[in-house]
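A quick write-up on the structure given underneath.
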Amino acid sequence: MSSWSPTHYLRFEDERTRPPRDLLARVPLADATRVVDIGCGPANSTELLAERFSAAEIIGLDSSSEMLATARQRMPDATFIEADISRWTPDVAVDLLFANAVFQWVPDHLSVLAKLLECLAPGGVLAIQVPDNFDEPSHYLMREVASTGRWGNRLESAKADRDVIPAPRTYYDRLKPMAARIDIWHTLYNHPLDGPGAIVDMFASTGLRPYLALLTEDERPEFLGEYRRRVAEAYPPLIDGRVLLRFPRLFVVAVKRE
């Protein structure tokens, strides 16, 4: 995939930071010694963890050097590590493993989550949030556009780049043998955005990346133009000319057995 762009990602910082704030509110820890933000990105979620657990060692983990460079500028007192999230495990027990909108990119992420839950200190918490918008217009239109036109064959692999999110019971059954309790819920966000172009812009730094990475510079404007046209049809204007982006997300908080 192409490099992550922290600047582009943070154009929608408010919309992207609401889910980790909601997730953190459900973490049942009064204090913590060691906290890891998995897939920390530009540290917008890491800041929330540092505010909540001010006495803890805060570690941010990401596979993108571009994101980590921004994170280090934003939080110079925190520790940031570049690592493959699918293979990483902590070297000592951790009180909180926190992951905001990253495991949808990790193959077989249920197995990875089970492994991480085992690495927690007794009573420690694994808290994750993943977009559950695979069948929303914003995302099925990406797949439709990818299947048409001169790039159809080349973009087949991009369609499988992101995991389909399993049903809540699948998370429960996989994690419960190691967990004292599990809290699972969905939140449906409705983001007012400045027109169809804003929807395209928002996903250009996330969901569209696998497709754009396989296109030439000449093809990308054509692909994005067709995607924008279809988005405009799927998201009609509101009374003020803006559009409402429906964005469901799945949350899981698992507490390790003592």
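The values are calculated or read from the model by the stated rules, or taken from the named source; none is laboratory data. Nothing here was measured: the structure is a model prediction, and the numbers come from that model. A quick note on method: Cβ atoms are made from the backbone with ideal geometry, for glycine too, and the neighbour counts reach across all protein chains shown. Side chains included, ligands, DNA and RNA excluded: accessible areas come from the protein's heavy atoms. Shrake-Rupley method; radii C 1.70, N 1.55, O 1.52, S 1.80 Å.
Structure summary
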quantity	calculated
Close pairs from the stretch 3-20: first more than 17 Å from Leu245 (Cβ to Cβ) and modelled with pLDDT of 75 or more, partner open to solvent by 60 Å² or more (accessible area, probe 1.4 Å) and among the small types (Gly, Ala, Ser), Cβ under 8 Å, at least 6 apart	none
Positions within the stretch 191-206 being in contact (Cβ under 8 Å) with a residue 40 or more places away in the chain and open to solvent by 10 Å² or more (accessible area, probe 1.4 Å), in sequence order	Pro192, Asp194, Pro196, Ala198, Asp201, Ala204, Thr206
Residues that are assigned to a loop (DSSP other than H, G, I, E, B), closer than 22 Å to Glu13 by Cα and not β-branched (Val, Ile, Thr), drawn from the stretch 76-115	Pro76, Asp77, Ala78, Ala101
Residue match in the stretch 236-245 (condition: assigned to a loop (DSSP other than H, G, I, E, B), of a type in the set (A, V, I, L, M, F, W, C) and either in contact with a His (Cβ under 6 Å, 6 or more places away or on another chain) or at pLDDT 95 or above (or both))	yes
Residue that is farthest from Trp151 (Cα to Cα), among those in the stretch 221-244 that are open to solvent by 80 Å² or more (accessible area, probe 1.4 Å) and not acidic (Asp, Glu)	Ile239
Pairs with Cβ under 6 Å, 6+ apart, first in the stretch 49-73 and closer than 16 Å to Val102 by Cβ and among the acidic types (Asp, Glu), second in a loop (DSSP other than H, G, I, E, B) and open to solvent by 30 Å² or more (accessible area, probe 1.4 Å)	Glu66/Ser3; Glu66/Trp4
